[in-house]
1. Looking only at strands (runs of 3 or more DSSP E) that lie completely in the range 35-80, which have at least 1 residues being at pLDDT 95 or above and within 16 Å of the ligand (Cβ to nearest atom)?
2. If I ask for residues that are at pLDDT 95 or above and within 16 Å of the ligand (Cβ to nearest atom), which ones from the range 118-132 would you list?
3. Name the pairs: first residue in the range 290-318 and within 15 Å of Ser330 (Cα to Cα), second residue β-branched (Val, Ile, Thr) and open to solvent by 20 Å² or more (accessible area, probe 1.4 Å), Cβ to Cβ under 9 Å, at least 6 apart or on different chains?
4. Quick check on the range 68-80: of everything there that is touching a helix residue (DSSP H, G or I) at 6+ places or on another chain (Cβ under 8 Å) and open to solvent by 40 Å² or more (accessible area, probe 1.4 Å), which residue is farthest from Asn100 (Cα to Cα)?
5. Has the range 283-297 got at least one residue that is more than 30 Å from Met1 (Cα to Cα), surrounded by fewer than 17 Cβ atoms within 10 Å (Cβ to Cβ), among the aliphatic types (A, V, I, L, M) and more than 20 Å from the chain's Cα centre (by Cα)?
6. Say whether the condition of being of a type outside the set (Val, Ile, Thr), assigned to a strand (DSSP E or B) and closer than 19 Å to Ile51 by Cβ is met by at least one residue in the range 100-112.
7. Between a residue in the range 95-116 that is surrounded by fewer than 23 Cβ atoms within 10 Å (Cβ to Cβ) and any residue that is among the basic types (Lys, Arg) and in a helix (DSSP H, G or I), which pairs come within a Cβ distance under 6 Å, given they are 6 or more apart or on different chains?
8. When you scan the range 104-117, do you find a residue that is in contact with a Leu (Cβ under 7 Å, 6 or more places away or on another chain) and within 16 Å of the ligand (Cβ to nearest atom), even just one?
Amino acid sequence: MYKLLINKFNAVFGYTGEFIYLRSPGRVNLIGEHTDYNDGFVFPVAINLEIKGIAAKRDDSKVRVFSLDYNELKEFDLKEPVKKENNWTDYIKGVVSELNKIKPLNFGADIIYKSNLPVSSGLSSSAAFELINSILFASINNIKMNKKEFALLCQRAENNFIGVKCGIMDQFAVSVGEKNSAIFLDTKTLEHKIVPLNMENHSFIISNTNKPRELSDSAYNERRGECEKAVEIINGLQPKKIKSLRDIDNKTLNSLENDFTDRIAFKRAKHVVEENRRVLDAVDSLVKNDLAKFGKLMILSHESLKNLYDVSCFELDILVDEALKIKGVSGSRMTGAGFGGCTISLIHNNYIDEFIDTVGKKYEEKTSLTPDFYITVPVNGAEILNKPEE
Ligand code: GLA
């Protein structure tokens, strides 16, 4: 891949320079959905579907970027105010404007990118693109930050510049990810634990609905608003004030159900509270090698996202239903924000071929869409490489 990038760099920019080699992974969330902006728990994995890039530092503040995926060359200047253009360069501008708040950036770059991480699929291509650019511009402008700080900076870029009020999960996983491991993250304290994924003849298979995600950003922000509303209602009903849905347990929430003035807000809160519990149980079952239990928790998570949180859709439900009919599958659920995107299923390796064949056919029959399937491995978070890999 880097060879291709070097050749293309030469063709696009007309020179070869001293290159900086970059990579940034996507992420898949094993369990813990829509909990991160409620101070809850998540359990994602950085995966080997990645964006790769090479860059050459410039002596001036110009930025020229070429995407091999969009076959498009764009440019802007770090010294001029950046404007949102509703295209892929927004993510670069978003991180650049956040970095500029830390220290004015003097040095731009010529950069070329190529990705095999599908966009708009709930596998965090945006976070991956934010991270790859933030580590590059920080490095060439001599700004030192740790992985957690990079994750937070990229989240601010998404919140402030892109306008999606996302939580910290995606940027954290893409930044902090580790080979062969999942990341158990407490989004309230940002403490995390690296949990080795011992899969014993099992794999996680990702199935992509390939359904274009429509209005997902506004629906996402709406869910967040509903959770804030639930917190307000809870605070009106009991003397003990809470800051977020992390601060209430299931029993207390249930005891307030009859007085809850807003049914939708109650359903959202119930999902979040129960999902947090499921993450803790899932991490525990993985550590104990109890994959059957892990699978059951995935199924419950999907039901809750579908019925209580209303973020699933016809296509995701078909993929989950068909997956659960395959022998060797112990769990399946939508992953990421929802409204399209991907599911993740836990499967015994002997049944993977059958899964791809049968689920693929059934899904096509029922939706007229062709799904994609990925078996990924957990990889390290975004980084500048000393030496280019293959
Ligand atoms: C998106 C957001 C994350 C998280 C998930 C849902 O991926 O970017 O912060 O809220 O949705 O779990």
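The values are calculated or read from the model by the stated rules, or taken from the named source; none is laboratory data. Worth saying up front: this structure is predicted, and the values here are computed from it rather than measured. Here the Cβ positions follow ideal geometry from the backbone for every residue, glycine too, while neighbour counts run over all protein chains shown. Ligands, DNA and RNA are excluded from the accessible area calculation, which covers all protein heavy atoms including side chains. Shrake-Rupley method; radii C 1.70, N 1.55, O 1.52, S 1.80 Å.
1. Details: elements: 44-57, 62-67, 72-77.
Once the strands (runs of 3 or more DSSP E) in the range 35-80 are filtered for at least 1 residues that are at pLDDT 95 or above and within 16 Å of the ligand (Cβ to nearest atom), what remains is 44-57.
2. Of the range 118-132, the ones at pLDDT 95 or above are 118, 123-132.
Listed by number, the residues that qualify are Pro118, Leu123, Ser124, Ser125, Ser126, Ala127, Ala128, Phe129, Glu130, Leu131.
3. Cβ pairs passing all conditions: Gly295/Val329.
4. Residues of the range 68-80 that are touching a helix residue (DSSP H, G or I) at 6+ places or on another chain (Cβ under 8 Å), as a first pass: 68, 73-74, 76, 78.
Those left that are additionally open to solvent by 40 Å² or more (accessible area, probe 1.4 Å): 73-74.
Numbers: Leu73: 23, Lys74: 20 Å.
Filtering first and then ranking leaves Leu73.
5. The answer is yes; a qualifying residue exists.
6. Within the range 100-112, the subset of a type outside the set (Val, Ile, Thr) is 100-101, 103-110.
This time we only want the ones that are assigned to a strand (DSSP E or B), so: 109-110.
Narrowing the set further to residues that are closer than 19 Å to Ile51 by Cβ leaves 109-110.
Yes.
7. Glu98/Arg156
8. yes
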